[in-house]
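The values are calculated or read from the model by the stated rules, or taken from the named source; none is laboratory data. These numbers were taken from a predicted model, which means no experiment stands behind them. Here the Cβ positions follow ideal geometry from the backbone for every residue, glycine too, while neighbour counts run over all protein chains shown. Calculation scope for accessible area: heavy atoms of the full protein, side chains included, ligands and nucleic acids excluded. Shrake-Rupley method; radii C 1.70, N 1.55, O 1.52, S 1.80 Å.
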Amino acid sequence: MVLQEIFGVNANVRAVCDRLAANGFVACAPDLFWRLEPGLSLSSEDPDERAKGFALFPKFDVAKGIEDIAAAVAAIRRHPAVTGKVGAVGYCLGGLLAYLTAAHTDADAAVGYYGVGIQGKLEAAGGIRKPLMLHIAQGDEFVPRMPSGPLSQGWAYTRK
């Protein structure tokens, strides 16, 4: 499952799904902004569309998004072409959602790239039971530098 940025299920997200499918995976990208604007597909390169994505971001209900992701994981497991595990990958907002997917769903693995706001949700880490890999941005203008603490010091959890 590919978790969207603030620009909806856009060309970039669809391209990631296409690459995964070309490599033999069942790939999908749930529309997590459907409550705000169903079918949203914005370009991060267009200034007006970029501004619209940033305007929608604070209106996004993360808890409802995690409920949608959990429902998508269950639906993917039921798909006849799925014979293995279900994982999630996300970028920016999707990176945060990948972290929360690992903490709050039964997805088998999650990977987050430059997730925004993770440092404000460290309490969720106690729910992580499956593999999670986070790529933390150090030079991204939208991701604050990590303070000293768990994430900046090689944060790792081992669960039994």
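Take the Cα atoms of the chain, build their convex hull, and give its volume per residue in Å³. Can you show the working numbers first?
Values: hull volume 19.2 nm³, N = 160.
It is 120 Å³ per residue.
Using a simple spin-label model with pseudo-atoms 7 Å out from Cα toward Cβ, Arg19 and Arg129 lie 3.1 nm apart.
If you filter the range 58-111 for trypsin sites (Lys or Arg not before Pro), then keep DSSP loop positions with at most 16 other Cβ within 10 Å, what is left? Could the numbers behind the result be given before it?
Details: sites: Lys59, Lys64, Arg77, Arg78, Lys85; in loops: Lys85.
Qualifying residues, ordered by number: Lys85.
Beta bridges assigned by DSSP with both partners in the chain are antiparallel in approximately 15 percent of cases.
For the chain, what's the relative contact order in percent, using C-alpha pairs closer than 8 Å and at least 6 residues apart? Mind showing how you got there, number by number?
On the way: 271 pairs, mean separation 29.4, N = 160.
Averaging sequence separation for qualifying contacts and normalising by length gives 18 percent for the chain.
Only Lys, Arg, Asp and Glu carry charge here, each on its Cβ (+1 for the first two, -1 for the last two); on that basis the range 1-116 has a dipole of about 280 debye about its Cα centre.
Sequence-distant or interchain residues sharing an amide H contact under 5 Å with Val111, placed H: which? Residues meeting the amide H criterion: Ala88, Val89, Gly90, Met133. Give me the percent of accessible area attributable to carbon and sulfur for the chain, probe 1.4 angstrom. So the carbon and sulfur contribution to the accessible surface is 55 percent. Couplings for the range 64-81, taken from phi via the Karplus curve 6.51 cos²θ - 1.76 cosθ + 1.60 with θ = phi - 60°, read 5, x, 5, 4, 5, 5, 4, 5, 5, 4, 4, 5, 4, 4, 7, 5, x, 7 Hz in order; Gly and Pro are left as x.
When each pair of different Cα atoms in the range 37-102 is counted once in the 1/r mean, what is the Kirkwood radius in angstroms, to one decimal?
In the range 37-102 this quantity evaluates to 13.7 Å.
Enter the Cα centre distance for the pair the range 70-99 and the range 20-60, rounded to the nearest angstrom. After rounding, the separation between the Cα centres reads 16 Å.
In terms of its alpha-carbon gyration tensor, the range 76-140 comes out prolate; a/c meets the 1.5 threshold, and the first ratio a/b outweighs b/c.
Please identify the chymotrypsin sites (Phe, Trp or Tyr not before Pro) of the range 1-53 that satisfy two criteria: DSSP loop assignment and at most 10 other Cβ atoms within 10 Å. Which are they? Spell out each step's value before the answer.
On the way: sites: Phe7, Phe25, Phe33, Trp34; in loops: Phe7, Phe25, Phe33, Trp34.
Sites meeting the loop and neighbour criteria: none at all.
Put Glu37, Glu45, Glu67, Glu5 in order of accessible area, highest first, and with a 1.4 Å probe you get Glu45, Glu67, Glu37, Glu5. Within the assembled protein chains, the solvent-accessible surface assigned to Tyr114 is about 70 Å², based on a 1.4 Å probe. Computed over protein heavy atoms with a 1.4 angstrom probe, the accessible surface ordering of Leu36, Leu42, largest first, is Leu36, Leu42.
Take Val9, Val26 and sort them by solvent-accessible surface of the protein heavy atoms, 1.4 Å probe, largest at the top. Could the numbers behind the result be given before it?
Details: Val9 30, Val26 70 Å².
I get Val26, Val9, largest accessible area first.
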